[in-house]
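Worksheet for the structure shown next.
Values in this text are rule-based calculations from the coordinates and carry no lab data. From a predicted model like this one, the values you see are computed outputs, not experimental measurements. Every residue, glycine among them, receives a Cβ derived from its backbone with ideal geometry; neighbour counts consider all protein chains shown.
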Amino acid sequence: MIRLIDINGLTHYLAPQSIASIVEAGASSQWHGIRAYVRTTNGKTIEARETADQIATMIAAGAEKLIALQAEIDAHEIANGNLFALVNELRELLQDAKRALSELQLAAIPDESTEGVPAIIPPEAFRKFVDAHARLCFLMHQRGHNPAQEGQRNG
């Protein structure tokens with residue numbers, strides 16, 4: 001919106017797209033304080049105190065701000081899309097890691113013959129578990145998530 005003041009001192013706020021034309025006022029009109037005639041798309045004419053150049057500058061400045069804001073919005077949308085993809089990728093890897101842990105627990109064969117070793121883990125189940133967790137940890141590290149070390153968390 002741009003702000004215009006008419007010759008009666010009334011303020012008008014106009015959307016630039018609602019302006020049909022701007023005409024610089026003649027010398028006799030300028031003597032009465034009218035600097036420009038602004039015709040709107042609905043046919044209304046505002047006798048403005050601002051010059052045609054000032055009004056055109058306001059419109060251009062508003063357009064530049066809109067372009068800058070649209071670029072900023074576009075950048076945020078791209079960032080949000082990238083973040084959404086990252087979250088989905090991490091969520092999928094986390095589900096894989098949880099599934100591998102469940103498979104590891106189900107594959108464990110109870111063994112009470114050796115003290116301190118309550119179960120035997122089949123190598124394939126252990127490999128799946130380690131691989132799934134390694135992929136998850138690698139992606140988290142690659143994307144900049146570095147959890148605190150054990151000593152830092154507790155100490």
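Compute the acute angle (0 to 90°) between the alpha-carbon long axis of helix 52-107 and the principal axis of greatest extent of the alpha-carbon atoms of the chain; round to the nearest 10°.
10
Run the reach check for LYS128 against lysines, Cα to Cα strictly under 26 Å, same-chain hits fewer than 8 apart removed. What comes back?
Answer for LYS128, where 26 Å is the Cα cut-off: LYS98, listed by chain and number.
Mind putting a number on the dipole of the chain about its Cα centre? Charges go on the C-beta only, +1 for Lys and Arg and -1 for Asp and Glu, and I need it in Debye to the nearest 20.
620
Excluding THR45 itself, what net charge comes from residues whose Cβ is under 12 Å from its Cβ, given Lys and Arg +1 and Asp and Glu -1?
Result for the neighbourhood of THR45: 0.
Around ASN88, what is the net charge, scoring Lys/Arg as +1 and Asp/Glu as -1 over all other residues with Cβ under 14 Å from its Cβ?
Summing Lys and Arg as +1 and Asp and Glu as -1 gives -1.
As I understand it, the dipole of region 81-154 uses +1 on the Cβ of Lys and Arg and -1 on the Cβ of Asp and Glu, about the Cα centre. Which of PRO122, ALA85, LEU106 lies farthest toward its positive end?
ALA85
So how tilted is helix 123-142 from the main axis of the chain? Cα-based, degrees 0 to 90, rounded to 10.
Helix 123-142 and the main axis of the chain meet at about 30 degrees.
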